[in-house]
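Heads up, the thing below is written out as structure tokens.
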Amino acid sequence: MNNLKEKLVTWLFETGALRVCPQDKPFWYTSGAIGPYYINTHFLYGSEDKANSLLKFIDNEKADTLGFPKKILEVVIKNYNEDKIFKELTDEMIGFINNNPELKDCEYISGGERRDWFFSIIAAHLLKKPHVTIYKDLKAVIIENGNVTSDVDLTGKKVLHIADLINEASSYERAWIPAIEGFGGKIIWSMAIVDRMQGGAELLKSKEVVPLSMIDIDIALFERALASGYINESQFEMISEYIKNPKEAMKNFLKNNPDFMQNALNSDDKTKERARMCIEKNIYS
């Protein structure tokens, strides 16, 4: 397991899926908050360019509900055969599932629109399990042995949902759990490539879903990153304080760097908008 985590740290940094800011320039998040790292787990598809290309493909093709699962599976299998990191990650994911005794009773694998599909549909293919492709509107189709059907009947079936990343698990609560239950099934397990440790696992447990992850965004991950030279001591110290208390750490940063907010307000439109949101929401009061 430790060897797996070492590999995941390497892949996260080499694909740009995990990025750490310079000590004096935290990232602006869409919420208006700031923080020392940014994660795009779907970059583990091989790179940012490859991930963005697949997202564009999904957006262009997903309206063809019945045809889409076969199309994306073909594209993802091609990348699996060509991209070393994505192949190794996928193989480790399959090993993670096969070696977990809790998952031996899994009958179906599901994935939700859009980033889950990077990993869920190929996992189902390699494990020879039917895949439930769930759309944001809670509709779903099943692909099994190359055949796709919209006649979804999961009555009494045990489902493993595979996600790229779990934050607060709001998508599970809003869409994935109700969708599967609407077809008579039950998500028994959730497996995420990365758990951002923002309360998602606790929410899943409250919904009687067993949360599993290949790696957590915790201090141990950044200790490995420091030891491997992906971050320096200053970055590690900032992250360490952030993990202990995100709000207090960034409040102290703003207090010690009074020009940071003003510079953001004078920056590009996106940064300016997020800085204004931070002030309006009084996030670091």
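The values are calculated or read from the model by the stated rules, or taken from the named source; none is laboratory data. None of these values were measured; they are calculated from a predicted model. In this analysis, Cβ positions are derived from the backbone assuming ideal geometry, glycine residues included, and neighbour counts consider all displayed protein chains.
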Cβ pairs under 8 Å, 6+ apart or interchain, first in the stretch 169-188 and farther than 17 Å from Ala201 by Cα, second among the aromatic types (Phe, Trp, Tyr) and buried (at least 20 other Cβ atoms within 10 Å of the Cβ), ordered by first then second residue, are Gly185/Tyr108
Here the residues within the stretch 26-55 that are free of Cβ contacts under 8 Å to residues at least 12 places away in the same chain and either within 22 Å of Asn282 (Cα to Cα) or touching a His at 6+ places or on another chain (Cβ under 7 Å) (or both) are Phe27
Taking first residues from the stretch 136-157 that are touching a residue at least 12 places away in the same chain (Cβ under 8 Å) and outside the structural domain of Ile72 (by TED's automatic domain parsing) and second residues anywhere that are loosely packed, with under 14 Cβ neighbours inside 10 Å and outside any strand (DSSP E or B), the pairs with Cβ under 6 Å that are 6 or more apart or on different chains are none
The stretch 1-119: helices (runs of 4 or more DSSP H) wholly inside it with 2 or more residues that are touching a strand residue (DSSP E or B) at 6+ places or on another chain (Cβ under 9 Å) and not β-branched (Val, Ile, Thr) are 2-14, 68-82, 84-98
Note on the stretch 72-98: residues surrounded by 15 or more Cβ atoms within 10 Å (Cβ to Cβ) and free of Cβ contacts under 8 Å to residues at least 12 places away in the same chain are Lys87
Within the stretch 208-238, of all residues that are buried (at least 16 other Cβ atoms within 10 Å of the Cβ) and over 18 Å from Thr10 (Cα atoms), the one farthest from the chain's Cα centre (by Cα) is Met238
Listed by range, helices (runs of 4 or more DSSP H) wholly within the stretch 209-272 having at least 1 residues that are in contact with a Ser or Thr (Cβ under 7 Å, 6 or more places away or on another chain) are 219-227, 259-265
The one condition Gln198 fails out of (1) of a type outside the set (Gly, Ala, Ser); (2) within 13 Å of the chain's Cα centre (by Cα); (3) farther than 30 Å from Pro246 by Cβ is (3)
Going through the stretch 120-147 in order, the residues found to be in a strand (DSSP E or B) and crowded, with 19+ Cβ neighbours inside 10 Å are His131, Val132, Thr133, Ile134, Ala140, Val141, Ile142, Ile143
